[in-house]
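Encoded as structure tokens, the structure appears first; notes follow it.
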Amino acid sequence: MRDMHDGVGSQLITAHQLAQRGTLKPEELTLLLGDCIDDLRLVIDSLEPVEGDLSTLLANLRYRITDRLARQGITLKWQVAELPPIRHLTAHDTLQVLRIVQAAITNVVKHAQASEVLFLVALANDARELCLTVRDNGRSLQTPSANVNGRGLGNMQQRAQAVGGRRDIDSTDDGTAVVLRLSLP
């Protein structure tokens, strides 16, 4: 409920207020409402009883973001290894994982000026760790114009900790990678 309130609820209130003021162009309102719909679908997907099947949830996310990225001129490359059921993740946990991926992709769209994003999911450390990576070919977080003072990176770290994982960032001149590492029982 908190995620619906803070996510889609907040976005809808903002869209409603801006529409009432007449300060949004129709195409801006359309994009804002599209984000609201995507956010609502993300919450609904996370509540689907998939019994540890993170691959299905990620496939739904892929379906939702591919066209959005293409409209921004960004090619999505998708490499997801076959995953075992991850039964210890609750619906709340899977929502946190999806939100981290969503935030990383949103950062690519808003800040990276990238033409390509790679989403990679693999098992590591003798199958004791699940690594989800969002890597772009855009500008580094270390460029003078990069906005690293926003809340997004900190929110991703808090969400990762909430599910017993960690968020790592590797940013070079060749782009940035956000990696979520989840320990597996």
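The values are calculated or read from the model by the stated rules, or taken from the named source; none is laboratory data. This structure is a prediction, so every number in the text was calculated from the model and none was measured. All Cβ positions, even for glycine, are placed from backbone atoms using ideal geometry, and neighbour counts span all protein chains on display.
Every condition in (1) in a loop (DSSP other than H, G, I, E, B); (2) over 23 Å from Asp35 (Cβ atoms); (3) touching a strand residue (DSSP E or B) at 6+ places or on another chain (Cβ under 6 Å) is met by Cys131 except one, and the failing one is (1).
Filtered by the rule that a residue be closer than 12 Å to Leu153 by Cα and β-branched (Val, Ile, Thr), segment 87-104 gives Ile100, Val101.
With respect to Arg41, is the statement that it is at pLDDT 75 or above, of a type in the set (Lys, Arg) and more than 26 Å from Asp93 (Cα to Cα) true? Spelling it out, it is not the case that Arg41 is at pLDDT 75 or above, of a type in the set (Lys, Arg) and more than 26 Å from Asp93 (Cα to Cα). The residue of segment 110-128 that is surrounded by the most Cβ atoms within 10 Å (Cβ to Cβ), among those that are of a type in the set (A, V, I, L, M) and in a strand (DSSP E or B), is Val117. Across segment 76-96, which residue is nearest to the chain's Cα centre (by Cα) among those that are of a type outside the set (Phe, Trp, Tyr) and under 16 Å from Thr133 (Cβ atoms)? Of everything passing the filter in segment 76-96, Leu76 is nearest to the chain's Cα centre (by Cα). Scanning segment 160-176 for residues that are in a loop (DSSP other than H, G, I, E, B), acidic (Asp, Glu) and out of contact with any helix residue (DSSP H, G or I) (no Cβ under 6 Å at 6 or more places or on another chain) turns up at least one hit.
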